[in-house]
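Step one of this worksheet: look at the structure below.
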Amino acid sequence: LFCQGAEPLVKIAQNGAVVTLTMNRPKALNALNTAIAAELAAALVKYDADSSVNAFVLTGEGRAFVAGADIKMMAPLSFADWHKNDLFIEFEKVRQIKKPIIAAVNGFALGGGCELAMLCDFIIASEKAVFGQPEIKLGTIPGLGGTQRLTGLIGKAKAMEWVLTGKQYTAEEAERAGLVARVVKHEDLLKVAQETAALIASYSQITVALAKDCVNKSLESSLNDALAYEKRSFHATFATEDQKEGMKAFVEKRAPAFKNQ
Ligand code: CO8
C-alpha cells in the first residue's frame with residue numbers, strides 16, 4: 001500500500017505501542033512531493049485508528065529530516081496549479097491526528113521540513129539538526145504554517161528574522177528560541193525520541209489526547225476561550241476510570257493500570 005517501486009517513501013516500524021515513521025527520499029534530502037506527503041498522511045491516519053498504537057515518532061533517513069518541499073517539482077507551477085490542486089492539502093490531516101507525534105529531527109529541517117516538524121507535537125533534535133525557513137531565498141514564503149506556528153513558538157522578533165533572512169539555525173539556537181524541546185547526541189536521537197514516546201504511550205490515552213488538544217488550543221484561540229476549554233477538559237478527566245485508577249494507585253503506592261476508559 002505504501003510503496004512506490006521497491007522502497008516505500010515512508011518507512012514504518014512498530015515497536016510496542018510506538019510507530020516510527022521515517023521519511024525515505026534520502027537522495028533528495030527527503031524533499032516533500034505529493035507522493036511522500038500522501039504516504040505520510042495515510043500512515044498517520046491508519047495508525048491513529050489502530051488501538052495497538054499510542055504514539056508516533058517522525059524522523060528522516062540519511063542526513064536530512066526534510067529539506068523542504070521539492071523545489072524541482074514546484075519550480076514550474078503557476079498560481080492556478082496551486083489553487084486548483086490545493087497541493088499538500090494532506091498536511092491538514094496531520095493536524096487532526098489525535099495521538100502524539102514527536103519529531104525526531106536528525107538533520108536539515110528547512111522550509112516545509114521545519115513546518116512539518118512544527119506540525120508534530122514537539123521536537124527532539126540531534127545536535128546535528130539544522131532549522132530554517134529559507135523560502136525567501138527562492139522568491140516565495142512559507143506556506144505550511146511557517147509564518148504562523150513559528151511565530152507562536154519563538155515570538156515575533158525571532159520569527160521575522162528567520163522568515164525574512166532565510167538563515168539556517170543550529171539545534172542549540174532552535175532550542176534556545178523555544179522551537180525545540182530538547183537537543184540530544186546524534187547517536188541517541190531515535191532512542192530518546194522512542195523512549196519518550198513509549199513513556200507517553202504508557203499513560204491513559206484519553207487523558208493524553210485531552211492534554212494534547214488543550215496545549216494546541218493555546219496557539220489556536222484566545223486565552224479566555226483556551227482557559228475555559230482547559231477547565232472543561234480537566235473536569236472531563238474526572239468522568240474517566242483512568243483518573244480514578246491513577247489517583248487510587250498513587251494513594252496505594254503502586255503503579256497505575258490504565259485502561260483507556
Ligand atoms: N527540493 C528538491 N531537491 C532538494 C531539496 C528540495 N527542497 N533540497 C535538497 N535537494 C536535493 C538537491 O537538489 C540534491 O540533489 P542532486 O544531487 O540531484 O543535485 C540533493 O538533494 C542533495 O542536496 P545538495 O547537494 O544541495 O546538498 P548540500 O549538503 O550541498 O546542501 C541543503 C544541503 C542546504 C539542505 C540544500 O540542499 C538546500 O538548500 N536545499 C533547499 C532547502 C530549501 O530551500 N527548502 C525550502 C524549499 S521551499 C518550501 O519548502 C516551501 C514549502 C511550502 C509548501 C506550501 C504548500 C501549500
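Do the conditions hold for Val19, that is, is it buried (at least 23 other Cβ atoms within 10 Å of the Cβ) and within 30 Å of Tyr203 (Cβ to Cβ)? Answer is yes for this residue.
Of the numbered criteria (1) under 16 Å from the mean Cα position of the chain (by Cα); (2) farther than 13 Å from Val94 by Cβ; (3) touching a residue at least 60 places away in the same chain (Cβ under 8 Å), the one Phe56 fails is (2). Would you mind stating whether Glu175 is within 16 Å of Ile102 (Cα to Cα), at pLDDT 95 or above, acidic (Asp, Glu) and not in a strand (DSSP E or B)? The answer is yes for Glu175. Taking segment 147-180 as the range and being exposed (fewer than 15 other Cβ atoms within 10 Å of the Cβ) and under 16 Å from the mean Cα position of the chain (by Cα) as the test, only Gly178 passes.
Scanning segment 105-146 for residues that are open to solvent by less than 50 Å² (accessible area, probe 1.4 Å), assigned to a helix (DSSP H, G or I) and of a type outside the set (A, V, I, L, M, F, W, C) yields a total of 6.
As for segment 78-87, it holds no residue that is touching a Phe, Trp or Tyr at 6+ places or on another chain (Cβ under 6 Å) and near the ligand (Cβ under 10 Å from one of its atoms).
If I filter segment 235-242 for residues that are at pLDDT 95 or above, among the hydrophobic types (A, V, I, L, M, F, W, C) and within 26 Å of Gly152 (Cβ to Cβ), do I get at least one hit? Looking for residues that are at pLDDT 95 or above, among the hydrophobic types (A, V, I, L, M, F, W, C) and within 26 Å of Gly152 (Cβ to Cβ), one finds at least one in segment 235-242, hence yes. Screening Ser221 against (1) open to solvent by less than 50 Å² (accessible area, probe 1.4 Å); (2) within 16 Å of the chain's Cα centre (by Cα); (3) modelled with pLDDT under 95 leaves a single unmet condition, (2).
Filtered by the rule that a residue be farther than 28 Å from Val19 by Cα and in a helix (DSSP H, G or I), segment 77-100 gives Phe79, Ala80, Asp81, Trp82, His83, Lys84, Asn85.
Quick one: is Val45 open to solvent by 40 Å² or more (accessible area, probe 1.4 Å) and modelled with pLDDT of 95 or more?
Values: open to solvent by 40 Å² or more (accessible area, probe 1.4 Å): yes; modelled with pLDDT of 95 or more: yes.
Yes, satisfied.
Among the residues making up segment 189-206, a single one is over 16 Å from Val18 (Cβ atoms) and open to solvent by 50 Å² or more (accessible area, probe 1.4 Å): Ile206. Just checking, does segment 40-58 include any residue being farther than 20 Å from Ala209 by Cα, more than 13 Å from the ligand (Cβ to nearest atom), in a strand (DSSP E or B) and among the β-branched types (Val, Ile, Thr)? Within segment 40-58, not a single residue is farther than 20 Å from Ala209 by Cα, more than 13 Å from the ligand (Cβ to nearest atom), in a strand (DSSP E or B) and among the β-branched types (Val, Ile, Thr). When residues in segment 48-78 are screened for being farther than 15 Å from Leu119 by Cβ, surrounded by 17 or more Cβ atoms within 10 Å (Cβ to Cβ) and among the aliphatic types (A, V, I, L, M), 5 of them pass.
The values are calculated or read from the model by the stated rules, or taken from the named source; none is laboratory data. Since we're looking at a predicted model, the values are computed, not measured. All Cβ positions, even for glycine, are placed from backbone atoms using ideal geometry, and neighbour counts span all protein chains on display. Ligands, DNA and RNA are excluded from the accessible area calculation, which covers all protein heavy atoms including side chains. Shrake-Rupley method; radii C 1.70, N 1.55, O 1.52, S 1.80 Å.
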